[in-house]
Amino acid sequence: MLVQVALPVPLYQVFDYSVLVNTNAVLPTIGSRVQVSFGRQTLIGIVVAHIAQVDSSVPASKLKPITQCLDDTPILDEQMLALASWLARYYHYPLGDVLAVMLPTLIRQGKPLDLLITHWRILPHVTDTDFRANANKQKQQFDMLKLHGERGASEEVLLLEGMQRSFLTTLEEKGLIERYIKLKTAPKAVSLAKMPLTLNDEQQLAVDSILSAHRTGQYSGFLLNGITGSGKTEVYLQAMQAVLEAGQQVLILVPEIGLTPQTRARFASRFAAQIVLLHSGMSDTYRLQGWQDCRTGHAQIIIGTRSAVLYPFANLGLIIVDEAHDGSYKQQDSLRYHAADLALYRGMQAKIPVVLGTATPTLEHLKLATDGKLIECQLRTRAGSAKLASMQLIDARLQSTHQQNQDDGARYDTGLTDQLIGAIKQTLEAGEQVLIFLNRRGYAPVLLCEACGWQADCPRCDAHLTVHYSNQSNHNSYLKCHHCDWQAYIPAVCPDCSSQNIAAKGMGTTRLSENLHAIFANPQTSKQLYPIIQIDRDTTRKKDSWEKIYQQINAGKPAILVGTQMVAKGHHFPNVTLVCLPNADRGFLSADFRSPEHTAQLMIQVAGRAGRGDKVGRVLIQTLQPDNPLLLKLVKEGYLPFAQELLQERKMMGLPPYSHAALIRCEGKTLVATTQALKDAIALLPAGHNLAVLGPIDAPMTKKNSRYHAQLLLLAKNRNQLHQVLNHWWQPVLALPSAKYLKLTLDIDPVGW
Ligand code: ADP
Ligand code: ZN
Ligand code: ZN
């Protein structure tokens, strides 16, 4: 017998290896890791099949033996291997590379799974005097272990702290320290830490449907379509309770920046359980530990971002995808999977319910519900006593925006109408909080020469440099590209015409915050009257900054919050009663046909932050296009009628979700080469393929980070048709001669183009 091994190489095949007879080893099990030689390299791969010698396409004389078996038992079970091969087929991605995406780094490096349970401790009789005077280095390492007390620490932790493996063995040989295996004890049964709330009828109905699906042991997908503040979390919690009590695990997926300390607290305050968090900022060790905890069943509640959907679970009973519309669920490089789609797939595999919860379902999910593939549960009212805030338009064409005097007497535009400023003032004076949404961080999006029209552009991208500027300190002033991180000084004079008339145009969160400072300062002392809290990627970069911001907001004192889309992610700020969107509706004018959907989702989510406590909330949308039919539909009728209208449009135009898309991107040093490669790719399409072929065209941002991008879109009426073409076409495309120096990528079900 031979083993077939999936290796982390970009080739669409598995590789046959023999097993040396003289190692008298049994055949390595399917799903275990082996080390093999591959060309001149040594690689670690996963055994995916056993085959008979006669079935191998490699002649016996050319077969190489595996060098080492790394696991006695499989690290990936049948379901995980099935998931991997489904991913490989659906996303047309090499199986070995799929597995590389799925496995934690340390596993891929061949580290033993018990790495984390091997502990070291100092033997009880040993003292400092056991060291000779010249054994300084040893003493130093010994002291590091000593800091961990009598129970010592895991080998992994010690190595991370800078301990050397060789010293550990030396100290062991000298009889000073010993290793021991510390197994994790099985987790206690989950218990309630706090009593559940009494559900309203719609919440109860949702919990009942989810749990009845759970009891039958069948897969069901749910679309929990509940307006903002309708108490979706309480539905999750009560559905989880029954599943946890049955001794099963629950996986909760959250958007990328939704994983704040509050997220954990939401679940930890209800359940006394082993909660594990999985996110992209984890260290390799932590990731391995989390992976093992999920796989062994030690973790009972798993809260994770996108990639958590690829983890192995011992006995999963329920998957929840919170804010299921969120864009961060789509992986945007390498294996371009969608975590919500995968959640449904895994639910089918494990025969368990999957809940997609959101106030703004994607058109794809709405269509699945219409087609009966998702069971829709609606929560139409806010939970408890809170009421959904009303939305109102402010016509910014009728009134000019407020002008403010500068120190030197010049006037500048604040970007806010007097009506908006009046409402903000009123809210603050009533002791309440205001949230202003501006989806652009930095000071201003453009630096412009008013004499000649020169603009500061990124030399590497088709983009303006954002002005980062602060009145407070000069060294915080610079130009930066938000696409490639290029930085430059702010020039004193225009590089083209030497005019000093260069000005920052447009408004980012920093500038808006400064304007608000000026508007709401005490005119005599110019001291600020209300705290202005800026929430964006620049102000939340530090580790505990979110926590501080949260505390400040939840103290409840009057304040103005200025935030980018970060503030749209499910936060609960009970004292915010006014939400302002000064120019959020611009996305309705964008060329990307998905832009209205995404803009509306964002607007509704931000609006949903208003009036979540006892007081009634208001939402003011300042717009230059108050007659825009889409905007009016959204404001007057709400998200669902708006989405239904978009769905009708998509249907008429044959666009997703009424067709299935594959986007091919090509990246290279010149636009000519990338476009030509895509033309060559089109020439390889099989005759009579029946797909709509759009392109090649320049990608939306053609030049990015000094590389040029072109793209090609394939649309098919049904999924099978698309995949059948891709099955025969994509690999030959990758084999095109030009593919050697260009980067060609395939995106199945792209979320934007
Ligand atoms: P969503 O996630 O749907 O926007 P949340 O789950 O954050 O809404 O709930 C909003 C608020 O309503 C929370 O403070 C929550 O405690 C409260 N709540 C939820 N369900 C109930 C209920 N049945 N009775 C009273 N309050 C509830
Ligand atoms: Zn100029
Ligand atoms: Zn750039």
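Tell me, which strands (runs of 3 or more DSSP E) lie completely within the range 266-372 with 3 or more residues that are under 23 Å from G752 (Cβ atoms) and among the small types (G, A, S)?
Because the criterion is at least 3 residues that are under 23 Å from G752 (Cβ atoms) and among the small types (G, A, S), no strands (runs of 3 or more DSSP E) in the range 266-372 meet it.
Taking the range 94-123 as the range and being in a strand (DSSP E or B), over 21 Å from Q68 (Cβ atoms) and out of contact with any Phe, Trp or Tyr (no Cβ under 6 Å at 6 or more places or on another chain) as the test, the residues that pass are W120, R121, I122.
Per-residue answers, yes or no, for (1) among the small types (G, A, S); (2) surrounded by fewer than 20 Cβ atoms within 10 Å (Cβ to Cβ):
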{"position": "D201", "(1), (2)": "no, yes"}
{"position": "V243", "(1), (2)": "no, no"}
{"position": "S269", "(1), (2)": "yes, yes"}
{"position": "A272", "(1), (2)": "yes, yes"}
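No other residue among A82, A88 is without any contact (Cβ under 8 Å) to a residue 12 or more places away in the chain, among the small types (G, A, S) and outside any strand (DSSP E or B) apart from A88.
Condition check: away from ligand 1 (no atom under 16 Å from the Cβ) and part of a loop (DSSP other than H, G, I, E, B). Does A213 satisfy that? Judged against the criteria, A213 is not a match. Restricting L171, L123, L205, L176 to residues that are in contact with a Gly (Cβ under 8 Å, 6 or more places away or on another chain) and at pLDDT 85 or above narrows the list to L123. The set of residues from the range 553-609 being without any contact (Cβ under 8 Å) to a residue 24 or more places away in the chain, surrounded by fewer than 18 Cβ atoms within 10 Å (Cβ to Cβ) and part of a helix (DSSP H, G or I) comprises N554, R586, S595.
Restricting the search to the range 676-709, which residues are touching a Pro at 6+ places or on another chain (Cβ under 7 Å) and surrounded by fewer than 20 Cβ atoms within 10 Å (Cβ to Cβ)?
Of everything in the range 676-709, those that are touching a Pro at 6+ places or on another chain (Cβ under 7 Å) and surrounded by fewer than 20 Cβ atoms within 10 Å (Cβ to Cβ) turn out to be K679, L684.
Here is a list: S498, S513. Which entry is assigned by TED's automatic domain parsing to the domain that holds A559 and more than 16 Å from ligand 3 (Cβ to nearest atom)?
S513 is the lone residue from the list that is assigned by TED's automatic domain parsing to the domain that holds A559 and more than 16 Å from ligand 3 (Cβ to nearest atom).
Applying a threshold of 7 Å to beta carbon distances and a minimum spacing of six or more residues, or different chains, the list of pairs starting in the range 732-753 at a residue that is among the small types (G, A, S) and ending at one that is assigned to a loop (DSSP other than H, G, I, E, B) reads G752/D592; G752/R594. Screening the range 670-753 for strands (runs of 3 or more DSSP E) wholly inside it with 1 or more residues that are within 21 Å of P10 (Cα to Cα) and among the charged types (D, E, K, R) returns the ranges 743-748.
Looking at A518, A504, just one residue is touching a residue at least 12 places away in the same chain (Cβ under 8 Å) and touching a helix residue (DSSP H, G or I) at 6+ places or on another chain (Cβ under 8 Å), and that residue is A504. On inspection, W86 qualifies as at pLDDT 85 or above, aromatic (F, W, Y), touching a helix residue (DSSP H, G or I) at 6+ places or on another chain (Cβ under 8 Å) and surrounded by fewer than 17 Cβ atoms within 10 Å (Cβ to Cβ). Scanning the range 474-498 for residues that are within 16 Å of ligand 2 (Cβ to nearest atom), among the hydrophobic types (A, V, I, L, M, F, W, C) and in a loop (DSSP other than H, G, I, E, B) yields I490, A492, V493, C494, C497.
Checking each residue in the range 1-54 for being closer than 24 Å to P312 by Cα and polar (S, T, N, Q) picks out Q4, Q13, T29, S32, Q35. Tell me yes or no: at least one residue of the range 478-488 is closer than 26 Å to K703 by Cβ, away from ligand 3 (no atom under 14 Å from the Cβ) and not charged (D, E, K, R). Looking through the range 478-488, none of the residues is closer than 26 Å to K703 by Cβ, away from ligand 3 (no atom under 14 Å from the Cβ) and not charged (D, E, K, R).
When the criteria are applied in full, Y17 meets the requirement of being among the aromatic types (F, W, Y), surrounded by 17 or more Cβ atoms within 10 Å (Cβ to Cβ) and out of contact with any His (no Cβ under 7 Å at 6 or more places or on another chain). Pairing each residue of the range 200-222 that is within 22 Å of K367 (Cα to Cα) with any residue that is assigned to a loop (DSSP other than H, G, I, E, B) and hydrophobic (A, V, I, L, M, F, W, C), provided the two are 6+ apart or on different chains, yields C-beta distances under 6 Å for G221/L374.
Checking Q433, Q403, Q426 one by one, the residue that is closer than 30 Å to C494 by Cα and either free of Cβ contacts under 8 Å to residues at least 12 places away in the same chain or not small (G, A, S) (or both) is Q403 and no other. Checking each residue in the range 375-407 for being surrounded by 13 or more Cβ atoms within 10 Å (Cβ to Cβ), within 16 Å of ligand 1 (Cβ to nearest atom) and farther than 24 Å from L516 by Cβ picks out E376, C377, Q378, L379, T381, R382, A383, G384, A386, K387, L388. Note on the range 234-262: residues that are in a helix (DSSP H, G or I) and within 25 Å of D536 (Cα to Cα) amount to 5.
Report whether or not K111 is surrounded by 14 or more Cβ atoms within 10 Å (Cβ to Cβ), free of Cβ contacts under 8 Å to residues at least 40 places away in the same chain and among the basic types (K, R). Taking the combined requirement at face value, the residue does not satisfy it.
Scoring I502 on the criteria (1) more than 19 Å from T540 (Cβ to Cβ); (2) away from ligand 2 (no atom under 16 Å from the Cβ); (3) aliphatic (A, V, I, L, M) leaves a single failure, condition (2). Could you please find all residues in the range 251-306 being within 19 Å of the chain's Cα centre (by Cα) and closer than 18 Å to M80 by Cβ? Selection gives L251, L253, V276, L278, R287, G290, W291, I302, G304, R306. Can you confirm whether the range 600-616 contains a residue that is more than 25 Å from N554 (Cβ to Cβ), assigned by TED's automatic domain parsing to the domain that holds K569 and modelled with pLDDT of 90 or more? Scanning the range 600-616, I find at least one residue that is more than 25 Å from N554 (Cβ to Cβ), assigned by TED's automatic domain parsing to the domain that holds K569 and modelled with pLDDT of 90 or more, so the answer is yes. The range 1-78 holds strands (runs of 3 or more DSSP E) entirely within its bounds, and those carrying 1 or more residues that are farther than 24 Å from K111 by Cβ and among the hydrophobic types (A, V, I, L, M, F, W, C) map to 2-6, 41-51.
The values are calculated or read from the model by the stated rules, or taken from the named source; none is laboratory data. Model, not experiment: these values are computed from the prediction. For neighbour counting, all protein chains shown are included, and Cβ atoms are generated from backbone atoms with ideal geometry for every residue, glycine included.
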